[in-house]
Each structure stands twice: as C-alpha cells, then as structure tokens.
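The values are calculated or read from the model by the stated rules, or taken from the named source; none is laboratory data. Predicted, not measured: the structure shown is a model, and the values here were computed from it. Don't worry about glycine lacking a Cβ; one is built from the backbone with ideal geometry, like all the others, and counts go over all protein chains shown. Keep in mind that these areas ignore ligands, DNA and RNA; they rest on the heavy atoms of the full protein, side chains included. Shrake-Rupley method; radii C 1.70, N 1.55, O 1.52, S 1.80 Å.
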Amino acid sequence: MPIEIEDKFDVPAEFAVPDMSGVRGCASVSRTLSHQLVATYFDTPDLRLAARGVTLRRRRGGDDAGWHLKLPKAKGARQEIHHPLTRSAKVVPPELAQLVLAYTRGAPLGPVAQLETRRGLVRLFGPEEAVLAEIADDRVKGTVFGTEPVVRRWREVEAELKEGDRELLRRVAKRLRKAGATPAGASSKLARLLGDIPVRPLARPEPGSAGEVVVAYLRDQVNALTARDPRVRLAEEDAVHQARVASRRLRSALKAFKKIVADTDEVQGELKWLGEVLGEARDLEVIRDRFARRLDALDPSLVVGEVRRRLGEDLLAREQEAYGRIREALSGERYFALLDALDALVADPPLTPLAAKDAAKTLGTITDKGWARVVRFYEEAQRVEDLAERETAMHEVRKAAKRARYTAEVVGASEAAKRAETVQEVLGRHQDGVVAQGILLEEAAAARRAGEDTFTYGVLAGIERCEADRAHAEFPGVWARVAP
C-alpha cells in the first residue's frame, strides 16, 4: 500500500500555476499534460466511510485508472490500495469491500457521488529523470447523487511527492502560496463536494478532569484498533500485533479506570475475545521468527533432519490458517457489535462523579494502586512453595505489570510506565522461553513419530531453557532496583 504525501490548495478561477524551474532539488520540469478523469465514489447510504476519512472510488482516465481505496494514516500521508478496473461500474470488488468492513459493518456500498476533473499535470524531475513530484491543476465538476442531484464546480491545485523529499514539497508549496494558492479548506475533493458529513456527536468531559484524560485515551485506542483492521486483513507486518495491543490497552484502561467510566464489563469481555482471536496468529508469527533466528545462529552441523520445515513451513501454514480464522471473525456480527459498542462508549461514556475530579490527583492515585497491585502479586507469588504454582503466580505478576504500564501511559507517568515495563520484559523473556520449550517438545514428538532425527529439537530446547533460566535468575536483581 503506497503512502500518499501531498499538499492541497484552494485557488481562484484565474490562478496560474507558477513556473517551477529553478526549484532547488529539481533538475527539470515537464510541459503541462492534460487528462480527463471521471471518478465515482462509493459509500454506505449514511456515508460511514466519508465520516471516517476513508474514500473508495472507481476512476477512469489518466495514468492510474482503476479502483482506489484511501485509508487515513497521519496528517499529510494516506495509504492507498489500487485494484484494476472491473467490468461492473456499480459493484465494489469483494477484495476492497472486505477491507472497509470495520467502517461499513455490513451496510451495503453503492455510488454516492461523481467527480469529473479536467487536470493539467506538471512533473518535476530529478537528475536521473526520476519523477520527484507532481502538481495537478484540477477544474472539477462534482455531482452528489440522490432524488435531486446536486452539482458543484470549483478549481484546486494539489502537489504530491513521488520520489523527492519533504523539503522539495515544502519549496513547491511556498511557490504555490506566493502565486495566490491557499491551504485547502477540505481534506479531499469528496469532502468538499459532500459538505457537512453526518458524524456522531461526542461528549466533552470537563477540561482538566480525570474523565477528559481517560476518554481521550479510549478514543485514541478505538481509532487505532479500527485503523489497523484493513492491515490485519492484508496480513501486513506487525498489524496483528498493533491491533492486539490496542485491544489490550482498551481492556486494561477500562479495568483500571472502572471508577471513572462505569458499566464496561461486557465490552471488556468482548475485547478479551478479540485479543484471543488475534493472539493465535501473532503468537505463531513470533515463535516462528524466534526459531528461525535460533537455527540461523547454530553451527550448520547441529541442524539435522526436517527441523527447518517443521519449525518454518509447518508453523507458517498454521499461522496462515489462524489468519483465516481472524478474517472470518472480523467479518462477523460479533465483531461489528463490539465496534458499535466501542463507538457508543467513547461518544457518550458512562462517566461517574469521580470523572469530574482533578485529573492529576485522581489518576495519580489510580496509577499508584496499579503498581501496588504488582507488588502484592509478587509478594504472594514468593510465598508459594510449589514451583509449578509459583511459575503460574509469576505469570500473574507479569500481567499485572503490563496493566500497570498501560495505566501509567494513560496519565503520562513515564517513570512508572518504564518501571512496570522492565518487570514485564524480564518476566516475558522467561515466559517466552517456557512456551518455546513446550512447542519444541510437541514438534519433536511429531518428528519422532515420523521417524525423523530429533537431535536439533533438543539443542533448541536447551537454548530456550537457558534463556528462561537466565531471565529467572536476573529477576530478583531487577525487582530490587524497581521496587526497593
């Protein structure tokens, strides 16, 4: 998915694109090229995509005819997915319709507007004829479909970075502004055409209150979770991990701040379910990469039998099956209901009287209690005599530390978050080593039944045992530093 980096400008009808010759970093400029573009935009009847800053269109004409899906990412940069033109001009390709399910939640997609654009295009080239940037001078006729279609006309200019750096785009923008262009008042042509898009009103907690801080954090995590959805479906690197982190942060915050945002037990339960759905593929991804690095580090003479296949291709196949289950879950009513519940929660949160209290004092107290919970769990674990039971108890310490870390992050308590993260990291290394040993035992048993050499599994199990033991031995010293 390429990243779009662009600046948009509103310009008067008599505007003339200035000569870009001599812009520092640009070797040459092309003559103006002309294109006639027709783009039909698709959305739900209540414009759910537009309300979230997502655009889905079918374009004819120009150099990039086809279906385009643009997903919001960050200011000035958007991710765009291209799909070839299909025979039908009214049915969205299933591959793209799947990628916006987190926004449509099963509502039908259909044509909502059309943009006819007469484009003049100027290209800026580098020393080796690479296109560094493009300036599009667009005269637009927009039509909003409906019982009585609405037509609007305007002109705008867009400068888009191709292979140049952001400094080049800044210089181009400076020349355009000097010629009379002003920063665009709308984020896209479609937004300008549609005007005021219906959005759910958001409750505004009292400024400086605990409720304001917590609700802002929850909204950020809900947006992060939704934004990761298309990338999870595409199995992008780290996407499942980031989606699971967002769901965990949401659940942790709702637990920690239950005296500020009330009645969220059901949502917490559904977030736990989502974390488990995402977790299977993520855990397999991590362990497969872990074993690959272990094998690459071994002397080749120690790698025998079918170990690379079993710990590589076989785990990858299981991972891909897990991704299939993720896509199935993310296309179901249970997931859509969770997203609806999260939207409702952050739009109109059930705040308690405590939410109106001063943020620093109230949230600081909750953060302190989160760390006290870690200390209590650790002390209880140390009183457990059975080694297996103590290991289980220490796993609970790790989970408590993770929750304390997330809680501290909400209020910006960086030192408290770092302290909890240190505990989480060391215990996590121990847990990862234990889990890896279990998987190696399973794979070795399967290899033995198939008559394969299992020597390397034993070597790897020994390495993982040492890693787990090292973390275990290191932890008392770590604990003494963070919890004197």
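What to note about this one:
- In region 245-260, the residues that are within 23 Å of residue 358 (Cα to Cα) reach residues that are of a type in the set (Phe, Trp, Tyr) and assigned to a helix (DSSP H, G or I) with C-beta atoms within less than 7 angstrom, at least six apart or across chains, in these pairs: 249/406; 252/406; 253/217; 253/406.
- Residue check: residue 364 meets all listed conditions (1) open to solvent by 70 Å² or more (accessible area, probe 1.4 Å); (2) in contact (Cβ under 8 Å) with a residue 40 or more places away in the chain but one, namely (1).
- Residues that are under 21 Å from residue 350 (Cα atoms), surrounded by fewer than 23 Cβ atoms within 10 Å (Cβ to Cβ) and among the hydroxyl-bearing types (Ser, Thr, Tyr) within region 207-250 comprise 209, 217, listed in sequence order.
- Looking only at residues of region 185-206 that are charged (D, E, K, R) and modelled with pLDDT of 85 or more, we find that the one that is surrounded by the fewest Cβ atoms within 10 Å (Cβ to Cβ) is 204.
- Lone unmet requirement of (1) under 21 Å from the mean Cα position of the chain (by Cα); (2) open to solvent by less than 20 Å² (accessible area, probe 1.4 Å) for residue 359: (1)
- Filter result for residue 63 (assigned to a loop (DSSP other than H, G, I, E, B) and free of Cβ contacts under 8 Å to residues at least 60 places away in the same chain): yes
- The requirement of being touching a residue at least 40 places away in the same chain (Cβ under 8 Å), of a type in the set (Val, Ile, Thr), open to solvent by 30 Å² or more (accessible area, probe 1.4 Å) and under 22 Å from residue 285 (Cβ atoms) is fulfilled nowhere in region 375-385; no residue meets it.
- Take the conditions (1) under 18 Å from residue 436 (Cβ atoms); (2) of a type outside the set (S, T, N, Q); (3) open to solvent by less than 30 Å² (accessible area, probe 1.4 Å); (4) without any contact (Cβ under 8 Å) to a residue 40 or more places away in the chain; residue 291 misses just one of them, which is (4).
- Residue among 419, 481, 470 that alone is assigned to a helix (DSSP H, G or I), buried (at least 17 other Cβ atoms within 10 Å of the Cβ) and either out of contact with any strand residue (DSSP E or B) (no Cβ under 9 Å at 6 or more places or on another chain) or not β-branched (Val, Ile, Thr) (or both): 419
Quick grid of which residues meet (1) assigned to a helix (DSSP H, G or I); (2) more than 24 Å from residue 253 (Cα to Cα); (3) free of Cβ contacts under 8 Å to residues at least 12 places away in the same chain; (4) of a type outside the set (Phe, Trp, Tyr):
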| site | (1), (2), (3), (4) |
| --- | --- |
| 391 | yes, yes, no, yes |
| 395 | yes, no, no, yes |
| 398 | yes, no, no, yes |
| 426 | yes, no, no, yes |
| 436 | yes, yes, no, yes |
| 453 | no, yes, no, yes |
| 459 | yes, yes, no, yes |
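Here's the yes/no breakdown for (1) open to solvent by 50 Å² or more (accessible area, probe 1.4 Å); (2) acidic (Asp, Glu); (3) within 21 Å of residue 202 (Cα to Cα):
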residue: 256; (1), (2), (3): no, no, no
residue: 274; (1), (2), (3): no, no, no
residue: 303; (1), (2), (3): no, no, no
residue: 309; (1), (2), (3): yes, no, no
residue: 321; (1), (2), (3): yes, yes, no
residue: 325; (1), (2), (3): yes, no, no
residue: 331; (1), (2), (3): no, no, no
residue: 336; (1), (2), (3): no, no, yes
residue: 345; (1), (2), (3): no, no, yes
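- Single residue of region 467-484 satisfying the filter (of a type in the set (A, V, I, L, M, F, W, C) and free of Cβ contacts under 8 Å to residues at least 12 places away in the same chain) that is nearest to residue 307 (Cα to Cα): 473
- Here is the figure for region 106-149: residues that are in a loop (DSSP other than H, G, I, E, B), surrounded by 17 or more Cβ atoms within 10 Å (Cβ to Cβ) and under 33 Å from the mean Cα position of the chain (by Cα) total 1.
- Scanning region 438-449 for residues that are among the small types (Gly, Ala, Ser) and free of Cβ contacts under 8 Å to residues at least 40 places away in the same chain yields a count of 3.
- Of the residues making up region 17-43, those that are surrounded by fewer than 15 Cβ atoms within 10 Å (Cβ to Cβ) and among the hydrophobic types (A, V, I, L, M, F, W, C) are 27, 33.
- Those residues of region 333-361 which are of a type in the set (Asp, Glu) and either free of Cβ contacts under 8 Å to residues at least 24 places away in the same chain or assigned to a helix (DSSP H, G or I) (or both), in sequence order: 333, 340, 343
- Matching option when the condition is open to solvent by less than 40 Å² (accessible area, probe 1.4 Å), among the aliphatic types (A, V, I, L, M) and not in a strand (DSSP E or B), among 69, 85, 168: 168
- A Cβ distance below 6 Å, combined with a sequence gap of six or more or placement on separate chains, defines the contacts here; from region 148-162, residues that are closer than 17 Å to residue 137 by Cα reach residues that are β-branched (Val, Ile, Thr) and surrounded by 13 or more Cβ atoms within 10 Å (Cβ to Cβ) in the pairs 154/140; 155/11; 157/11; 159/135; 159/172; 161/5; 162/131.
- Within region 422-436, the residues that satisfy the criterion of being farther than 12 Å from residue 475 by Cα and surrounded by fewer than 19 Cβ atoms within 10 Å (Cβ to Cβ) are 431, 432, 434, 435.
- For first residues located in region 3-22 and touching a residue at least 60 places away in the same chain (Cβ under 8 Å) and farther than 14 Å from residue 181 by Cα, partners that are assigned to a strand (DSSP E or B) and among the β-branched types (Val, Ile, Thr) and lie 6+ apart or on another chain with Cβ distances below 9 Å form the pairs 20/29; 20/122; 20/135.
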